[in-house]
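Everything below concerns the one structure shown next.
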Amino acid sequence: MADAARKLDTIDVRPAFTQEDADALNARFAGIETLEMLRAVFKENLLGKTAVVSSFGTESAVLLDLIARVDPDVPVVFVDTLKMFPETDRYRTQLLDRLGMTNREVVTPDAAVIEAKDATGLRWSYDPDGCCAIRKVEPLARAKQGLDSWISGRKAFQSQTRANIPRFEIEDGRLKMNPLGDWVKADLEAYFAERDLPRHPLEAEGYLSIGCQPCTSVVKPGEDPRAGRWRGWDKTECGIHTDNVSELPSF
């Protein structure tokens with residue numbers, strides 16, 4: 001697998017990562033400290049052509065700082081749904097400037113699709129799944145075209161739907177790496193303090209998981225950290241962490 005990845009610069013063919021590849025990587029890096037794992041992964045080019053996808057939420061700085069310490073030239077993809085908090089956009093610029101990450105990509109929804117399917121901008125209020133599909137899932141699927149793998153900031157502790165997240169998995173035929181899958185809140189807080197990383201400005205107001213402005217609310221004491229997302233709906237994920245290319249709704 002490593003040899004195939006190293007040939008990507010000269011061969012215009014994406015290697016087909018398999019579940020066996022993911023299993024082997026999980027076994028190899030079991031118990032290995034995250035930064036050490038990332039250094040080995042990038043030194044050996046085990047991911048092929050990759051990018052880190054960030055929402056620039058309350059915990060995003062940790063993963064981005066770890067990546068920047070290993071390779072600050074890794075592309076950073078941000079899906080701007082056109083419904084984001086202005087504070088998130090300012091934080092994105094502040095954080096990437098601080099980390100020296102200049103390879104930045106912003107992907108937005110298809111204008112024609114928005115005009116046809118959400119001209120009022122209110123689809124979130126009656127069909128949040130459809131809104132996520134056209135504003136987040138489809139744009140990210142476009143951004144991942146040509147990538148062999150991608151890097152996610154998911155953590156298992158965030159909610160019951162994210163339990164048992166492996167460091168490496170296969171999704172959409174690509175290798176997906178979750179470097180922080182086994183981190184807990186205390187680990188993140190210690191890293192923020194150790195590295196003196198800037199916090200998202202809305203965190204202090206009680207927004208513990210931040211997505212689009214209309215569908216994000218303050219988390220109450222004792223609630224799941226993601227309880228403020230799509231409050232009142234039977235919905236816990238936007239859809240980007242599934243085999244979404246084959247499951248895009250026919251919105």
_Nearest-0.05 FRET efficiency for N164 and S125, computed from C-beta distance (R0 35 Å)_ = 0.60
*Would you list which lysines come within 16 Å of K144, measuring only between C-alpha atoms, while excluding same-chain residues fewer than 8 positions from it?*
K49, K136, K176
_For the range 19-199: rounded, prolate or oblate by the Cα gyration tensor [a/c cutoff 1.5]_ = prolate
*Note the full-extension length gain between T102 and D187 as 0.36 nm times their separation in residues minus their Cα-Cα distance, in nm to one decimal.*
27.9 nm
_Computed E for N26/D71 - FRET, C-beta separation, R0 25 angstrom, nearest 0.05_ = 0.70
_So, R0 is 22 Å and r is the distance between the beta-carbons of Q94 and D196; what FRET efficiency does that work out to, to 0.05?_
0.95
*Sequence neighbours fewer than 8 away in the same chain don't count; with that in mind, list the lysines whose C-alpha is under 22 Å from K220.*
K155, K185, K235
*In the range 43-124, carbon and sulfur make up what percent of the accessible area (probe 1.4 Å)?*
49 percent
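The values are calculated or read from the model by the stated rules, or taken from the named source; none is laboratory data. As the structure is a prediction and not an experimental result, all values here were calculated from the model. Neighbour counts run over all protein chains shown; Cβ positions are idealised from the backbone, glycine included. Each accessible area value is taken on the protein alone, full model and side chains, heavy atoms only, with ligands, DNA and RNA left out. Shrake-Rupley method; radii C 1.70, N 1.55, O 1.52, S 1.80 Å.
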